[in-house]
Amino acid sequence: MADELLSKQDIYDVIITGGGPAGLTAGIYTSRARLFSLLIEKLGIGGQAAITDRIENYPGFIGGISGPELVHSMGEQAKSFGMRTVFGEVTRIEVSDESTIKKIFVNDDPEPYQCLSLIIAAGHEQRKLGVPGEKEYAGKGVSYCATCDGAFFRDLSVAVVGGGDVALEEALFLTRFVKKAHVIHRRDRLRATKILQERASSNDKIEFIFDSVLDEISGQTTLDSVKVRNLKTGERKDLGVNGVFVFIGWIPSLSFLGDIVEKSEDGYVIVDKEMGTSREGIFACGDCCKKNLRQIVAACGDGATAAFSAQHYVERIKGEEYV
Ligand code: NAP
């Protein structure tokens with residue numbers, strides 16, 4: 001739904017910031033509970049799942065389901081129950097102890113959206129390597145999404161940095177196109193799930209470079225080489241590649257929250273088991289929360305719990321709670 005069709009005079013029962021699986025599930029639940037619900041998303045519906053080729057551990061789909069298909073369905077499902085959506089970046093949130101109304105500022109608009117309860121489902125963003133050449137070649141050989149850019153590297157060699165689930169899933173995806181994917185990992189063993197390790201190890205197009213880090217990305221006219229350093233021996237070598245795919249984890253992007261809720265040392269929202277934050281009426285779910293298991297199914301569970309808690313909060317402040 002277009003932004004201009006939504007009135008800023010409305011007071012939503014719940015506003016959800018972030019349209020990944022956690023936020024969409026929260027939207028399905030709040031809308032079915034007949035809460036007046038608005039989801040605000042910065043880029044596109046689906047979050048990281050929307051750029052994941054295949055998801056094979058979301059229950060109910062033998063052989064897996066495409067990420068875009070899964071999150072598209074979630075979005076349509078939430079919409080079918082009445083959830084509204086606007087696109088824009090949440091830049092600031094204003095709360096006061098005197099009022100239950102929370103003000104949500106989007107982009108540079110001075111007029112905020114207003115709500116009684118807020119569900120933060122803002123996810124997190126991909127960590128960058130921070131090495132020379134990374135910024136210069138971003139979008140010109142350096143990529144953070146194999147599903148988006150893999151086909152540009154047909155019959156070429158690429159480096160994949162990281163040893164987690166995403167690095168191996170994306171390296172495996174890249175083997176559909178590339179001649180060789182060199183997976184560079186800083187340890188001598190991988191963090192990724194065993195089934196992905198098995199698949200990657202038995203794929204002829206994948207070569208592992210362990211105990212090593214990528215120090216520099218360079219090229220003549222286009223990206224054509226990277227410097228790799230072995231952390232154990234100190235040996236440095238040039239590796240000829242035409243692309244670099246970086247999958248080295250995530251960092252929270254919650255600056256819009258300021259200090260209105262308690263966060264962990266590494267910047268994630270601290271939640272209780274009901275997905276409540278340190279501030280009444282504000283809940284959080286999915287990858288922006290401090291947690292150990294970051295999976296779509298867990299994000300959906302979080303979203304459902306946050307929605308249930310928001311529902312009870314809203315009904316309580318309206319004097320409508322069914323106890
Ligand atoms: P991750 O599990 O945190 O792995 C990040 C990898 O990058 C690690 O191997 C880490 O090395 C390495 N790394 C971190 N900083 C680095 C740096 N500065 N230089 C070089 N290497 C660096 O992140 P992820 O793979 O993006 O996955 C995120 C979460 O989503 C995980 O919980 C994962 O299980 C989940 N996920 C699950 C699935 C699935 O179940 N199919 C798919 C995708 C994602 P160390 O190992 O040494 O720390």
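No lab work stands behind these numbers, since they all come straight from the coordinates. Bear in mind that the values here come from a model prediction, so they are computed numbers and not experimental data. Neighbour counts run over all protein chains shown; Cβ positions are idealised from the backbone, glycine included.
Highest-first packing order for the peptide set 263-272, 111-120 is 111-120, 263-272, based on the mean count of other beta carbon atoms within 10 Å. Per DSSP helix of 4 or more residues, -39500 (n - 2.57); summed, then divided by the residues of the chain. What does that give at 222 nm, rounded to the nearest 500? Rounded to the nearest 500, the figure is -6500 deg cm²/dmol. Around the amide H of residue 216, modelled in the peptide plane, lie the amide H atoms of 227, all under 5 Å away and 5 or more residues distant in sequence or on another chain.
A crude spin-label estimate for the pair residue 253 and residue 323, with each label 7 Å from Cα along the Cβ direction, gives 4.1 nm. For residue 233 paired with residue 203, estimate the spin-label separation in nm (one decimal), with each label point 7 Å from Cα along the Cα-to-Cβ line. Taking the two extended label points, one gets 2.6 nm. Put a plus charge on the Cβ of each Lys and Arg, a minus charge on the Cβ of each Asp and Glu, and nothing anywhere else: the dipole of the range 128-246 about its Cα centre is then about 180 debye. Applying the Karplus relation 6.51 cos²θ - 1.76 cosθ + 1.60 with θ = phi - 60° to the range 150-155 yields 3J(HN,Hα) values of x, 5, 6, 10, 4, 6 Hz, where x marks Gly and Pro.
No disulfide-compatible partner, judged by a Cβ distance under 4.7 Å, exists for the following cysteines of the chain: 115, 285, 288, 289, 300.
Dipole of the chain computed with +1 at Lys/Arg Cβ and -1 at Asp/Glu Cβ about the Cα centre; of 276, 203, 307, farthest Cα towards the positive end is 203. Annotation for the range 113-167 versus the range 31-95: alpha-carbon center distance of 19 Å. In order along the range 250-256, the phi-based Karplus estimate (6.51 cos²θ - 1.76 cosθ + 1.60, θ = phi - 60°) of 3J(HN,Hα) comes to 9, 10, x, 10, 10, 4, 4 Hz; Gly and Pro are listed as x. Under the convention that each Lys and Arg Cβ holds +1 and each Asp and Glu Cβ holds -1, the size of the dipole of the range 266-323 around its Cα centre is about 140 debye.
Over the chain, what relative contact order in percent results from Cα pairs under 8 Å that are six or more residues apart? Walk me through the numbers before you get to the answer.
Details: 731 pairs, mean separation 64.6, N = 323.
Normalised by residue count, the contact order of the chain is 20 percent.
Taken over the chain, the alpha-carbon convex hull comes to 152 cubic angstrom per residue. Given R0 = 30 Å, the distance between the Cβ atoms of residue 152 and residue 187 translates into a calculated FRET efficiency of 0.55.
In percent, how large is the relative contact order of the range 128-246, given Cα pairs closer than 8 Å and 6 or more residues apart? Don't skip to the end; give the middle numbers.
Numbers: 255 pairs, mean separation 36.9, N = 119.
Computed value for the range 128-246: 31 percent relative contact order.
Karplus-based coupling profile of the range 46-56, in residue order and whole Hz: x, x, 4, 4, 5, 10, 9, 4, 9, 10, 10, with θ = phi - 60° in 6.51 cos²θ - 1.76 cosθ + 1.60 and x standing for Gly or Pro. Between residue 92 and 105, the built amide H atoms are under 5 Å apart, and every one of these is 5 or more places off in sequence or on another chain.
Of all lysines in the structure, the ones whose alpha carbon falls short of 29 Å from that of residue 227, not counting any fewer than 8 places away in one chain, are 128, 135, 140, 179, 180, 194, 205, 237.
The peptide list 233-243, 55-65, 162-172, put in order of mean Cβ contacts within 10 Å with the highest first, becomes 162-172, 233-243, 55-65. Ranking 126, 162, 234 by how far each Cα lies toward the positive end of the dipole of the chain (charges on Cβ) leaves 234 at the top.
FRET efficiency for the residue 101 to residue 77 pair, using the beta carbon distance and R₀ = 22 Å, is estimated at 0.15.
Each of residue 54 and residue 176 was given a label point 7 Å from its Cα along the Cα-to-Cβ line. The distance between the two points is 0.8 nm. List every DSSP H helix in the chain whose Cα atoms extend 27 Å or more along the helix's own long axis and whose mean Kyte-Doolittle hydropathy is at least -1.0. Those that pass (Cα extent of 27 Å or more, hydropathy at least -1.0) are 296-317.
If I stretch the segment between residue 224 and residue 9 completely, what's the gain in nm (0.36 nm per residue apart, minus their alpha carbon distance), one decimal?
Details: separation 215, 0.36 × 215 = 77.40 nm, distance 5.45 nm.
Net length gain for the segment: 71.9 nm.
First check a/c for the range 128-246, with a ≥ b ≥ c the square roots of the eigenvalues of its C-alpha gyration tensor; if it is under 1.5, answer rounded, and if not, answer prolate when a/b is larger than b/c or oblate otherwise. Taking the square roots of the gyration eigenvalues as a ≥ b ≥ c, the range 128-246 is oblate. If the chain linking residue 279 and residue 194 were pulled fully straight, counting 0.36 nm for each residue of separation and taking away their Cα-Cα distance, it would gain 26.7 nm.
Database remark: amide H of residue 208 closer than 5 angstrom to the amide H of 183 (H placed geometrically; neighbours at sequence offset of 5 or more, or on other chains; Pro and chain starts carry no H).
About the Cα centre, and with charges only on the beta carbon of Lys, Arg (+1) and Asp, Glu (-1), how big is the dipole of the chain? Nearest 20 debye, please.
Values: 38 positive and 46 negative charges, 204 e Å.
Result for the chain is approximately 980 debye, rounded to the nearest 20.
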